[in-house]
1. If you count only protein heavy atoms and use a 1.4 Å probe, how large is the accessible surface of Phe447, to the nearest 10 Å²?
2. Mind scanning Lys62/Lys128; Lys128/Lys355; Lys202/Lys237 and naming the pairs with a C-alpha gap bigger than 25 Å?
3. What is the local net charge at Gly84, summed over the other residues whose Cβ is closer than 14 Å to its Cβ (Lys, Arg +1; Asp, Glu -1)?
4. Return the whole-Å distance between the Cα centroid of region 161-207 and the Cα centroid of region 46-107.
5. Would you mind pulling out the separation of the Cα centroids of region 379-449 and region 277-346, in Å?
6. Can you tell me which aspartates and glutamates have their Cα less than 20 Å from the Cα of Lys139? Leave out same-chain residues fewer than eight positions away.
7. Between Leu69 and residues 5 or more places away or on another chain, which pairs have amide H atoms under 5 Å apart, with H built 1.01 Å from N, and which residues are they?
8. From the phi angles alone, apply the Karplus equation (6.51, -1.76, 1.60; θ = phi - 60°) to region 401-412 and give each ³J(HN,Hα) in whole Hz, x where the residue is Gly or Pro.
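The values are calculated or read from the model by the stated rules, or taken from the named source; none is laboratory data. Note that the structure is predicted; figures quoted are calculated from it, not measured. Positions of Cβ are generated from backbone atoms using ideal geometry, with glycine treated the same way; all protein chains shown enter the neighbour counts. In case anyone asks, the SASA skips ligands and DNA or RNA and just uses the protein heavy atoms, side chains included. Shrake-Rupley method; radii C 1.70, N 1.55, O 1.52, S 1.80 Å.
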Amino acid sequence: MNQSTTAFEVNFDGLVGPTHNYAGLSVGNVASLKNAAQSSNPKQGALQGLAKMKALSDMGLKQAVLPPLERPDVHILRKLGFTGTDEQVITRAAQEAPAVFAATCSASSMWTANACTISPSADTQNSKVHFTAANLANKFHRSIEAPTTSRVLQAIFSDEQYFDHHHPLPMGDHFGDEGAANHTRFCSSYGEHGVEFFVYGKYAFDSSKPFPKKYPARQTFEASQAIARLHQLDDGKTVFAQQNPEVIDAGVFHNDVIAVGNRNCLFYHQMAFLNSEQVVKDLQLAYGNESMHFVEVPTSAVSINDAVHTYLFNSQLVTLNDGSMAIIAPGECQANDNVRNYLESVIAGDNPISKVEIYDVKQSMQNGGGPACLRQRIVLNQTEMAAANQSVFINDSLFGTLNAWVEKHYRDSLEEKDLADPKLLVESRTALDELTQILSLGSVYPFQL
Ligand code: SUG
């Protein structure tokens, strides 16, 4: 087999960080606001995520892990004028600007679908894998992720012969970019030139176009276009579509809360796009002669409310070794009669989906992050996979090491008042320092630089 054309989709899941908490930071994200001020369990969150990684790896899928970021972000607090020792910085910030301080403590980097957009080498003009860390400009607590995310991606994909890293897009609402949460790729096999599908919430430079009225559109058309340009994509194999503003206003803050695609299949809600018929035509035209599968879920079967509360579409759609597809869904889908029944009908229907697997990722779900939010899909051929940092790929040994690392360092309960505890800062840094050694990342965190 040709090493450079046999390619795999590798799921890079984010590890839930030691400061995972519910601070209600994400306006437009129903779960984040609903669970604000609840007590969280970082240890359980991290173990739930690891169990999902292990299960997918056991299914024969390629699985890797991305580390959490350093939180509280003392480095950002210093930029905002807080001075003194690290301990004084966090104590003062927590007293004088509690909302700002809470934002610097979020473990939001766990949702690695938002870490970046990647384009596989089969799609790009210079035949390299392209990475652009997302600027996540719409939410302050997320807008501070990109610098360390970029360093982590470069530490894993360091070989310039195969990997091209771009700077995040310019900050500000006009180029708001939320990474792969609004990006999907279709292909008949992973190593072939695929169709890259970008979904945006609004036009930043044209106010005559429709836009949501209640909640923000986090991804702009202009940002999606910039990523496609940077990644040297082929115009004929790139499709742009606008998300339905009505569903953003109903709590669908990213397209991956209402649609998911894999290989030749798009699984989406009837209300997902502004003009679904056109989207289907554009994708099929770009895909070519072979027919794609469009599995459209009608409102009569699953309402937008059910979709938002169960995260049906935030499932992972993966290809199993026998070539059929499985839906990796959150536990909330099992608990909802409409959604459970619908999933049964999908398996029985005429489409590539043959199986549903349910996982409990409740700690993440309560902040609005389902199975698909927790992973970044990176398509790599065998040569590129061999050129990447091998220490991040999940196997039994790494799974055991990471479980023990979580058990050793993580708390099992965290409330907002605990975030200013200087001991939490020390615990988190000690844990992350050890993690960079486990994953052979070198120095990537501000406290290590
Ligand atoms: O950006 N939640 C995240 C959830 C991201 C989900 N990702 C995808 N759909 N791909 C967000 O809204 C909540 C944090 C808090 O409230 O503490 C938060 O950031």
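1. For Phe447, solvent-accessible area is about 60 Å².
2. Over 25 Å Cα-Cα: Lys128/Lys355.
3. In short, -1.
4. Taking the Cα centre of region 46-107 as reference, the centre of region 161-207 is 25 Å away.
5. Value for the Cα centre distance between the two parts: 32 Å.
6. Glu70, Asp73, Asp173, Asp177, Glu178, Glu222, Asp249, Asp256, Glu416
7. Counting only residues 5 or more places away or on other chains, the set is Ser109.
8. 4, 5, 4, 5, 4, 5, 4, 6, 10, 8, 7, 9
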